[in-house]
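*Asks:* First, the structure itself, so that you have it in front of you.
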Amino acid sequence: KKNMLGKNACFSDVDMAIAALEEKLQRLEDIEREKRIELKQTVRDKKLELDTLAKEKNALVKEMKELLKQKNVEVEAERQRMFAEVEKKDAEMREQFKMDMKKFEEEKKLWKEAGKKFE
């Protein structure tokens with residue numbers, strides 16, 4: 001039987017080679033186990049970082065929404081103030097127009113009367 005040790009290897013040499021390979025395999029399996037443990041820990045750490053970032057992001061979004069609500073309230077209050085101002089100005093102008101029309105009608109009446117006197 002041909003093997004990696006050559007044709008003339010005796011049984012004990014094969015046993016020693018097998019034992020050496022088993023030892024190497026055991027070391028590799030131990031290293032693999034340690035790396036898997038490290039990987040799991042790294043994954044846990046990264047998940048924790050992501051969770052922390054998500055919480056911070058949610059807090060910022062909530063704060064931003066509150067500020068936007070506050071701004072909307074302020075904008076609405078300003079809009080209503082301006083609307084009331086326009087309504088007031090409109091009412092003043094309508095009142096002035098009525099007074100002007102009344103004055104015009106009175107003057108028209110006076111002119112008519114004056115015109116009759118000159119006939």
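The values are calculated or read from the model by the stated rules, or taken from the named source; none is laboratory data. Source: prediction; values computed, not measured. Cβ coordinates were reconstructed from backbone atoms using ideal geometry, including for glycine residues, and neighbour counts include every protein chain displayed. Please note that ligands, DNA and RNA were not included when accessible areas were found on the heavy atoms of the full protein model with its side chains. Shrake-Rupley method; radii C 1.70, N 1.55, O 1.52, S 1.80 Å.
*Asks:* Quote the accessible area belonging to Leu21 in square angstrom, nearest 10, computed with a 1.4 Å probe and with ligands, DNA and RNA left uncounted.
*Replies:* 110 Å²
*Asks:* Which one, [x] 38, 12, 10; [y] 109, 15, 4; [z] 28, 19, 15, gives semi-axes √(5λ) of the Cα gyration tensor in Å as derived from the coordinates shown?
*Replies:* Matching entry in [x] 38, 12, 10; [y] 109, 15, 4; [z] 28, 19, 15: [y].
*Asks:* Take the chain, connect every pair of alpha-carbon atoms lying under 10 Å apart with a spring to form a Gaussian network, then pick out the residue of Glu66, Glu78, Glu95 with the largest mean-square fluctuation.
*Replies:* With Cα springs under 10 Å in the chain, the top fluctuation among Glu66, Glu78, Glu95 is at Glu95.
*Asks:* Counting only protein heavy atoms, what percent of the accessible surface of the chain is carbon or sulfur at a 1.4 Å probe?
*Replies:* Exposed carbon and sulfur together represent 61 percent of the surface.
*Asks:* Same structure again: Any idea of the accessible area per residue across the chain, 1.4 Å probe, to the nearest Å²?
*Replies:* 103 Å²
*Asks:* At 1.4 Å probe size, what's the solvent-accessible area of Met64? Round to the nearest 10 Å².
*Replies:* 130 Å²
*Asks:* Which of the lysines could a cross-linker bridge to Lys89, judged by Cα under 25 Å and excluding same-chain residues fewer than eight apart?
*Replies:* Output for Lys89: Lys98, Lys102, Lys103.
*Asks:* In debye to the nearest 20, how big a dipole does the chain give about its Cα centre with +1 on each Lys and Arg Cβ and -1 on each Asp and Glu Cβ?
*Replies:* For this selection, approximately 440 debye.
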